[in-house]
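Working notes, beginning with the structure itself.
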Ligand code: ADP
Ligand code: MG
């Protein structure tokens, strides 16, 4: 188990990480979602002992993880960080890249474990190629295989999905899921795109300007976001002032400036509902995403499977009172 207490790290007066506390449990995945510059990479570096925190501390199974200022060789044996750029050795094969992490083990075990990892990461067929002869997805899987080769307690990944196409994202997602459960690794990945995080993480955090503004189950963060930023970082969302609620037949709100958060799948087409003009129809494969202008200052996003709608036509929209989430700030 890895625990971080009130970590703060400042670069030239910018708090890259500010008062972040978290716990990573064996066999569990945490995801941290934040915009670019929100402190994701800095947080990983501090957790891995590769950067010093200004204040706060990191503990792994009761032992303090020290930063580079207190250690000759930065980093911790049982904590692995997979960088965004993979950092593979360019002139040796995929197999040797992975085997290198096991160079202090007996050859028989090393061969066995490398074969196991190649299989798990679906790299057996490309094991003899060097990194520039394999795809981005295969490079990413090689980096992950190498990182987990000697069964570290903690696996940290910096934007593991950002350079991958959809098929490879799904492979890496399934791979991480299996790996973490199978080897009981404590895993944290950071990302600016929550779509993978929602389905993969047991716990989801939202980072903004270095601060952990929310931490909870993906379902809780998605449906009860702490702020409009948390709502937007976790998917498509309608955010509007409560003063518009009467447009949809709800009573006048006590606080007209309060922000309402409504997910598009909770809005439905309804002839009895508020009328509006369909502005845009986006084909999304499994469904359509619509943008309905309900009043001069308010348009709502919603999802539908109907395929007979044209921009410009009048439609009605409604939602249940239970779908409304009031933002605290
Ligand atoms: P993210 O990974 O979420 O994009 P980073 O952790 O890289 O965010 O950066 C967080 C903030 O800290 C940014 O404002 C960035 O400019 C700043 N920062 C990161 N690394 C350094 C550094 N080595 N020197 C100065 N500022 C830095
Ligand atoms: Mg980063």
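Can you tell me which of 85-93, 179-187 comes out highest on packing, and rank the rest after it, using the mean Cβ neighbours within 10 Å?
Numbers: 85-93: 14.0, 179-187: 18.6.
Those peptides, ordered most packed to least, come out 179-187, 85-93.
Ranked from highest to lowest mean number of other Cβ atoms within 10 Å per residue, what is the order of the peptides 232-238, 283-289, 47-53? If you can, show how the numbers build up before the last one.
Working: 232-238: 18.4, 283-289: 11.0, 47-53: 21.0.
Order by mean packing, descending: 47-53, 232-238, 283-289.
When you work out D = kT/(6 pi eta Rh) for the range 192-280 at 25 °C and 0.890 mPa s, using the Kirkwood radius from C-alpha pairs as Rh and the Stokes-Einstein form, the result is 166 µm²/s.
Here each label is just a point 7 Å from Cα along the line to Cβ, and for residue 182 and residue 195 those points are 2.6 nm apart. Comparing Cα centroids, the range 272-321 and the range 73-131 end up 50 angstrom apart. How high is the relative contact order of the range 238-327? Use alpha-carbon pairs under 8 Å, at least six apart in sequence, and give a whole percent. RCO, the range 238-327: 34 percent. Based on alpha-carbon atoms, the Kirkwood radius and the radius of gyration of the range 238-327 give Rg/Rh equal to 0.96. Protection proxy ranking for 192-202, 310-320, using the average of other Cβ atoms within 10 Å per residue and placing the highest first: 192-202, 310-320.
Taken over the range 209-252, the convex hull of the Cα atoms encloses 97 Å³ per residue.
Kindly state, to the nearest 0.05, the FRET efficiency for residue 328 paired with residue 35, given R0 = 25 Å and r defined as their beta-carbon distance.
Values: r = 20 Å, r/R0 = 0.80.
After rounding to 0.05, the efficiency reads 0.80.
Working from Cα pairs under 8 Å separated by at least six residues, relative contact order for the chain is 17 percent. Taken as Cα centroids, the range 1-36 and the range 174-234 sit 12 Å apart, rounded to the nearest whole angstrom. Averaging 1/r across all pairs of distinct Cα atoms in the chain and inverting the result yields a Kirkwood radius of 22.0 Å.
Quick check on the chain: helices-only [θ] at 222 nm, where DSSP H runs of length 4 and up contribute -39,500 (n - 2.57) each and the sum goes over total residues. Nearest 500, please. Intermediate values should be presented prior to the final figure.
Values: 8 runs with 79 residues, N = 329.
After summing the helix terms and dividing by the residues of the chain, the value is -7000 deg cm²/dmol.
How would you rank 29, 130, 206, going from fewest to most other Cβ atoms within 10 Å of each one's own Cβ?
Numbers: 29 24, 130 16, 206 28.
With the fewest neighbours first, 29, 130, 206 line up as 130, 29, 206.
Exposure proxy for 54, 165: other Cβ atoms within 10 Å of each Cβ, ordered fewest to most, give 165, 54.
Only the coordinates and a few stated rules stand behind these numbers; no lab work does. Please read all numbers here as calculations on a predicted model, not as lab measurements. So basically every Cβ, Gly included, is an ideal-geometry build from the backbone, and we count neighbours across all protein chains shown.
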